[in-house]
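K.L.:
So that we are looking at the same thing, I have put the structure below in structure tokens.
The values are calculated or read from the model by the stated rules, or taken from the named source; none is laboratory data. Predicted model, so just to flag it, every value in this text is computed and none were measured. Every residue, glycine as well, gets a Cβ built from its backbone with ideal geometry; the counts of neighbours run over all protein chains shown.
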Ligand SMILES: [Zn+2]
């Protein structure tokens, strides 16, 4: 298999950088890529970290994975990218400072756009379209603690497409006890997701770790991330082995209760914890003057729901969401669900 100038033959592991754009900042945006070409043919898994530069739990898990993965025992291929947004990663920032854009929203990218458009274009056409499954790791960075598999809303849940059925299995196979989807257009348009799925790629996103859990639970989250990648490889039959999970059940939330910050700036103080049930009309948090502590606004919850991410969010300047809560959509049972996907 081949990505840019990098080529791996069956049974080989090769490492190199995919040239994506020429920067003027002195920081190279070229993307580190590990290719593991299985000894036998099979599907291709893409695992990627740090498309948001400060969210590195997945990156560490991927570095652990590449030390262990043995392509001579694999059916199919693994493309492992520890860091997609290299400029953001080196600066500890979510986006790309050179143009202020978020690569994850830009697929399929533009060959002659700004630097982020070019990165998205090359990465999409050289890497993403080669994958059958894409596992994209995010985290709460410094602002929140998170622990769920995120996936796209289905157009007609009673009548899921073939891609959506595979995605349901991968969401559960990953091994976490909770998963969530956002109703369409919760956070603006979904054009990047549509571009990826339009290319036939089944994608799941991990929101895992970060916030106050960064130090305390960092190692555990890295282990959970790595366990999830091995589970996905088993689901795709790239390797053999039993699934390992938090437990038999995976609760799937409709994360449709978003608390938006009012049109006043300040320090947001969350008063509700991860996993807590909050009734409609109850206080979710307060917004205070960051220098005097005076109350500026009280934020009320809008519908009975459970807090999905947790932590304290800063900065909270301008229009942003400060809370995501979910209502239970369904509970999947690993003991009875077929967790294998074929391509
Ligand atoms: Zn992210």
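K.L.:
Might you check whether a residue that is closer than 25 Å to residue 342 by Cβ and within 16 Å of the ligand (Cβ to nearest atom) occurs anywhere in region 50-58?
P.N.:
No, that holds for no residue.
K.L.:
Of 247, 318, 281, which residue is in contact with a strand residue (DSSP E or B) (Cβ under 9 Å, 6 or more places away or on another chain), surrounded by fewer than 17 Cβ atoms within 10 Å (Cβ to Cβ) and outside any strand (DSSP E or B)?
P.N.:
The match here is 281.
K.L.:
Next question, about the same structure. Taking the stated definitions as given, is residue 147 within 19 Å of residue 55 (Cα to Cα), within 16 Å of the ligand (Cβ to nearest atom) and surrounded by fewer than 20 Cβ atoms within 10 Å (Cβ to Cβ)?
P.N.:
Taking the combined requirement at face value, the residue does not satisfy it.
K.L.:
Quick check on this structure: which one of 228, 210 is within 15 Å of the chain's Cα centre (by Cα) and within 21 Å of residue 336 (Cβ to Cβ)?
P.N.:
None of the other options fit; the residue is 228.
K.L.:
Among the listed residues 231, 221, identify the single one that is closer than 19 Å to residue 139 by Cα and buried (at least 17 other Cβ atoms within 10 Å of the Cβ).
P.N.:
221
K.L.:
Condition first: within 16 Å of the ligand (Cβ to nearest atom), assigned by TED's automatic domain parsing to the domain that holds residue 85 and either at pLDDT below 95 or more than 27 Å from residue 275 (Cβ to Cβ) (or both). Can you find one or more residues in region 155-172 that meet it?
P.N.:
There is no residue in region 155-172 that is within 16 Å of the ligand (Cβ to nearest atom), assigned by TED's automatic domain parsing to the domain that holds residue 85 and either at pLDDT below 95 or more than 27 Å from residue 275 (Cβ to Cβ) (or both).
K.L.:
Return a yes/no flag: does region 196-209 have any residue that is surrounded by fewer than 18 Cβ atoms within 10 Å (Cβ to Cβ) and in contact with a helix residue (DSSP H, G or I) (Cβ under 6 Å, 6 or more places away or on another chain).
P.N.:
Yes, region 196-209 has at least one match.
K.L.:
In region 195-222, how many residues are at pLDDT below 95 and more than 16 Å from the ligand (Cβ to nearest atom)?
P.N.:
The number of residues fulfilling the criteria is 8.
K.L.:
Looking only at residues that are within 16 Å of the ligand (Cβ to nearest atom) and surrounded by fewer than 20 Cβ atoms within 10 Å (Cβ to Cβ) in region 105-144, which one is modelled with the lowest pLDDT?
P.N.:
Out of the qualifying residues, it is 142.
K.L.:
On to the next question. Looking at (1) in contact (Cβ under 8 Å) with a residue 40 or more places away in the chain; (2) surrounded by fewer than 21 Cβ atoms within 10 Å (Cβ to Cβ), which is the only condition residue 238 fails?
P.N.:
Result: residue 238 fails condition (2) only.
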